[in-house]
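Take a look at the structure below.
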Amino acid sequence: MSWPYRRFIRPILFQQDPERAHNMALTMLGLAAKFPPLGNALESFLGAPPLPVSAFGLDFPNPVGLAAGMDKFATAIPVWEKLGFGFCELGGVTWHAQSGNPPPRMFRAVADEAIINRMGFNNPGADIFSRKLKAWKTSHRWPRHPVGINLGKSKVTPLEQAATDYASSFRQLRDLADFFVVNVSSPNTPNLRQLQDKSALDEIFAALQEAQANTPGQPPKPILVKVAPDLTLTALDEILELAIPRRLAGIVATNTTISRPKTTDAARQKIYNETGGLSGKPLRERSTEIIRHLYRQTNGKLPVIGVGGIATVDDAWEKITAGATLLQVYTALVYEGPGLPRTLVEGLREKMAFAGFTRWQDAVGSAARTAV
Ligand SMILES: Cc1cc2nc3c(=O)[nH]c(=O)nc-3n(C[C@H](O)[C@H](O)[C@H](O)COP(=O)(O)O)c2cc1C
């Protein structure tokens with residue numbers, strides 16, 4: 001699928017403004033989500049073979065997931081598994097509905113297979129989002145794989161009230177998803193990343209713990225935190241100190257970066273001058289470095305979802321052997337097309353066999369354990 005996509009579909013999509021192309025693709029996938037024969041046809045071309053993985057109490061049919069930001073409006077929930085994904089993360093969702101930053105707010109750096117975005121959490125708000133999810137549930141088209149929700153802070157909410165904002169969204173949505181990700185690492189909401197500070201994050205997780213406790217009889221939902229690639233390793237270590245007291249289920253590493261690759265090329269530089277978070281290939285190395293650090297610091301005890309610049313099987317394997325239990329992709333889906341999840345899962349199965357691993361957990365962190 002990758003070749004026909006790159007040859008025929010991508011040139012058409014890339015003639016459009018990036019956000020418009022994104023909306024067109026989502027509209028098509030939304031149609032496939034509503035008409036099962038279409039979804040089933042997609043599955044027969046693009047479905048992935050099994051590569052089961054368990055993490056934070058959930059069973060995943062394979063470790064390759066859809067990253068947050070792609071399906072911000074829960075438009076295409078049933079389709080992601082048809083495209084071979086082993087899970088999806090919807091959103092970011094905030095307590096208040098918001099339109100995000102003014103367009104243009106998404107830019108392609110094609111030469112580097114990268115994207116810069118400053119979307120700013122455009123989303124319908126937790127209430128409407130919860131209704132959309134309920135409608136999907138009653139349609140009996142809910143996917144079999146785990147579904148996560150990415151929680152952001154509303155722009156109108158002052159930083160000091162962030163904990164209440166996150167907890168309100170969580171309460172509204174907790175019964176509608178399998179796991180949650182606290183996003184304190186988007187560069188596109190003013191000062192949001194200050195919430196990665198240990199004491200601010202502690203307050204947010206305390207509020208979420210309280211929200212979990214207020215629903216007796218229900219097992220707590222796994223809640224992960226998503227970190228920025230621009231954090232220092234010391235700042236990451238401080239976040240890890242919260243893992244046990246605040247029962248973090250895992251870490252999503254990483255969000256987009258505010259850093260930019262050096263270039264002497266004027267056209268590239270023009271795009272890199274845009275404000276926002278950079279994703280795709282230039283992010284790969286830093287995100288892997290962070291995954292490796294998290295794995296080593298926790299002796300592999302805290303699951304990591306590795307995300308950032310995964311475009312090939314080698315990229316995916318690099319992240320797994322650095323310590324990621326699960327993976328996510330966004331930007332490479334834009335450049336490589338919908339065949340990517342299957343290519344990655346098939347390739348990971350081959351890598352496992354070639355390396356002589358029979359259990360997934362043996363592959364996870366294998367390079368981080370050996371190389372110092
Ligand atoms: C247009 C766009 C919107 C995004 N929106 C979100 C979001 O709402 N919440 C979030 O945690 N990450 C968001 N991300 C970040 C991705 O989930 C992912 O962490 C990042 O793009 C790195 O992965 P990649 O290199 O595979 O794209 C967004 C990324 C892009 C490109």
List ARG260, ARG359, ordered by accessible area with a 1.4 Å probe, largest first: ARG359, ARG260
Equivalent-ellipsoid semi-axes of the chain, from the Cα gyration tensor, Å, largest first: 27, 24, 23
Size of electric dipole in the chain: Cβ of Lys, Arg +1 and of Asp, Glu -1, about Cα centre, debye, nearest 20: 600
With DNA, RNA and ligands ignored, accessible area of ILE128 (1.4 Å probe; Å², nearest 10): 90
Whole-angstrom gap from the stretch 332-370 to the stretch 1-44, using each part's C-alpha centre: 25
Calculated on alpha-carbon atoms, Rg and Dmax of the stretch 101-146 in Å: 16.2, 44
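Rolling a 1.4 angstrom probe over the protein heavy atoms, how many square angstrom per residue are accessible across the chain? Provide the component values of the computation, followed by the final result.
On the way: 15960 Å² over 372 residues.
Here the per-residue accessible area is 43 Å².
Indicate, rounded to the nearest 5 percent, the antiparallel portion of the DSSP beta bridges found entirely in the chain.
30
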Principal axis dimensions, the stretch 208-253 - Cα atoms, whole angstrom, descending: 39, 17, 12
Spatial separation of Cα centroids for the stretch 235-268 and the stretch 284-312, in angstrom: 10
Distant-in-sequence amide H partners of ILE149 (H built 1.01 Å from N, under 5 Å): LEU90, PHE179, PHE180, VAL181
Solvent accessible area, Å² - ILE244, 1.4 Å probe, full protein context: 150
Relative contact order of the chain, pairs being alpha-carbon contacts under 8 Å that are 6 or more residues apart, as %: 18
Set LYS82/LYS153; LYS281/LYS301; LYS155/LYS221; LYS72/LYS155 screened for pairs whose C-alpha atoms are more than 21 Å apart: LYS82/LYS153; LYS281/LYS301; LYS155/LYS221
The stretch 113-189, relative contact order [Cα under 8 Å, separation at least 6], %: 45
ALA200-ARG20 FRET efficiency (beta carbon distance; Förster radius 22 Å; 0.05 resolution): 0.05
Solvent-accessible surface ranking, highest first, for TRP95, TRP142 at 1.4 angstrom: TRP95, TRP142
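The values are calculated or read from the model by the stated rules, or taken from the named source; none is laboratory data. Computed from a prediction, not measured in an experiment: that's the story for all the values here. All Cβ positions, even for glycine, are placed from backbone atoms using ideal geometry, and neighbour counts span all protein chains on display. Quick note on the areas: whole protein, heavy atoms, side chains included, nothing else; ligands and nucleic acids left out. Shrake-Rupley method; radii C 1.70, N 1.55, O 1.52, S 1.80 Å.
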